[in-house]
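Trainee: Structure incoming, see below.
The values are calculated or read from the model by the stated rules, or taken from the named source; none is laboratory data. None of these values were measured; they are calculated from a predicted model. A quick note on method: Cβ atoms are made from the backbone with ideal geometry, for glycine too, and the neighbour counts reach across all protein chains shown.
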Amino acid sequence: MKKLLKVSLVAAFAMGALNAQAEEKFITIGTGGQTGVYYVVGQSICQLVNRDTAKTQVKCNAPSTGASVANLNAIADKQMDMGIAQSDWQYHAYNGSSSFEGKKNDKIRAVFSLHPEPFTVMARDDSGIKTFDDLKGKRVNVGDPGSGTRATMNVILKEKGWSDKDFKVASELKPSEMASVMCDNNLDAITYNVGHPNGALKEAAASCNAHLVPVTGEAIDKLVADHSYYAKATIPGGLYKGTDNPVETFGVYATLVTSSDVEEDKVYAVVKAVFDNFDRFKRLHPAFANLKEEEMIKNALSAPLHDGAVRYYKERGWLK
């Protein structure tokens, strides 16, 4: 009898474990290169989500990807549930404009915005590059294909009437590769749409004599005036060796996006994990330090909010 009871308990335990496993929901968040802030954002969100898996049955992972455009395409193809994307590419994906012409995805849904992302240019001191116009004829890393950096560079080039042919070299290296290539004197300058401070840029500034370059002028003024998802930005001085003074540029916001096809409970669990542990989240990277909850549900959101996010924001009294 005791033996039968023991077998029954083991079977019941095993069945319970299988049922619990069957009820678990998995969510994948597309990020960016492993040296960038997007990767830290995704890992940080998943860290908070996975602390509550026993309660929510939601498990989270955040693999490295090609960043903004690649993440939006993966969401459209249902290869990922969520992704981090620049605010301008959230807009273009939802409206079917720019490089998303003919690929409009009206199922894109906003979750919240994150840190500002200035478009950043860093150049070797011996390159003679002091302004964006000085990049002409130089060896420049224009951005990883599929990344927001590459897409933003394309927008700037179009506004200025330039193309890749205006550079001596237009390389498309990943952020993790570009610092060493520049410091080996195989590039004159690198570009990056990113929150600051950033590891790849710190590596470059520490490994060779380099400085940040302002991204200003009539073409930039027109981009900011014509598009609500762009804004003037200032990179503080002292973040990188060789750049003691603030540097003017323009930029976007990083945003977390998803699809209306993703279950409400999964998105709700992600939003709740971040905002119920907001102080902990802000400590996970310097770029998060100045985030404000009320701004994160308003800034640079070009698509409707997902129902799961709306549910949480209403519970907190942030939306009516």
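Trainee: Of the residues that sit in the stretch 231-261 and are at pLDDT 95 or above and touching a Gly at 6+ places or on another chain (Cβ under 7 Å), which one is farthest from V213 (Cα to Cα)?
Mentor: Within the stretch 231-261, the match that is farthest from V213 (Cα to Cα) is V257.
Trainee: Can I ask one more? Let me confirm something: among A62, A54, A67, which residue is at pLDDT 95 or above and hydrophobic (A, V, I, L, M, F, W, C)?
Mentor: Within the list A62, A54, A67, the selection yields A62.
Trainee: Test of understanding: among A200, A254, A233, A210, which residue is touching a Phe, Trp or Tyr at 6+ places or on another chain (Cβ under 6 Å), in contact (Cβ under 8 Å) with a residue 40 or more places away in the chain and aliphatic (A, V, I, L, M)?
Mentor: That would be A233, the only listed residue that is touching a Phe, Trp or Tyr at 6+ places or on another chain (Cβ under 6 Å), in contact (Cβ under 8 Å) with a residue 40 or more places away in the chain and aliphatic (A, V, I, L, M).
Trainee: Keeping to the stretch 164-181, report how many residues are modelled with pLDDT under 95 and either assigned to a strand (DSSP E or B) or among the polar types (S, T, N, Q) (or both).
Mentor: Matching residues across the stretch 164-181 total 1.
Trainee: State the number of residues belonging to the stretch 124-160 that are assigned to a loop (DSSP other than H, G, I, E, B), under 25 Å from T243 (Cα atoms) and within 19 Å of the chain's Cα centre (by Cα).
Mentor: Total meeting the criteria: 3.
Trainee: Does D261 satisfy being outside any strand (DSSP E or B), under 30 Å from V111 (Cβ atoms) and either acidic (D, E) or touching a Lys or Arg at 6+ places or on another chain (Cβ under 7 Å) (or both)?
Mentor: yes
Trainee: For the stretch 222-245, how many residues meet the condition of being over 23 Å from A67 (Cα atoms), surrounded by 14 or more Cβ atoms within 10 Å (Cβ to Cβ) and not polar (S, T, N, Q)?
Mentor: 4
Trainee: Go through the stretch 80-106 residue by residue and tally those that are more than 15 Å from I29 (Cβ to Cβ) and in contact with a helix residue (DSSP H, G or I) (Cβ under 8 Å, 6 or more places away or on another chain).
Mentor: Selection size over the stretch 80-106: 13.
Trainee: Conditions first: (1) more than 22 Å from A300 (Cα to Cα); (2) buried (at least 16 other Cβ atoms within 10 Å of the Cβ). D77 passes all but one, so which condition is the exception?
Mentor: Condition not satisfied by D77: (2).
Trainee: Moving to a separate point now. Whether any residue in the stretch 273-295 is at pLDDT 95 or above and crowded, with 21+ Cβ neighbours inside 10 Å is what I want to check.
Mentor: Within the stretch 273-295, one or more residues are at pLDDT 95 or above and crowded, with 21+ Cβ neighbours inside 10 Å.
Trainee: Also, I was wondering about something else. Mind listing whichever residues of the stretch 15-50 are surrounded by fewer than 16 Cβ atoms within 10 Å (Cβ to Cβ) and modelled with pLDDT of 95 or more?
Mentor: F26, N50
Trainee: Now for a different question. So K78 passes all but one of these: (1) modelled with pLDDT of 95 or more; (2) charged (D, E, K, R); (3) under 14 Å from the mean Cα position of the chain (by Cα). Which condition number does it fail?
Mentor: Going through the list (1) modelled with pLDDT of 95 or more; (2) charged (D, E, K, R); (3) under 14 Å from the mean Cα position of the chain (by Cα), K78 breaks only (3).
Trainee: Here's a follow-up. If I ask for residues that are part of a helix (DSSP H, G or I) and crowded, with 17+ Cβ neighbours inside 10 Å, which ones from the stretch 182-214 would you list?
Mentor: Those that are part of a helix (DSSP H, G or I) and crowded, with 17+ Cβ neighbours inside 10 Å: M182, C183, G199, A200, L201, E203, A204, A205.
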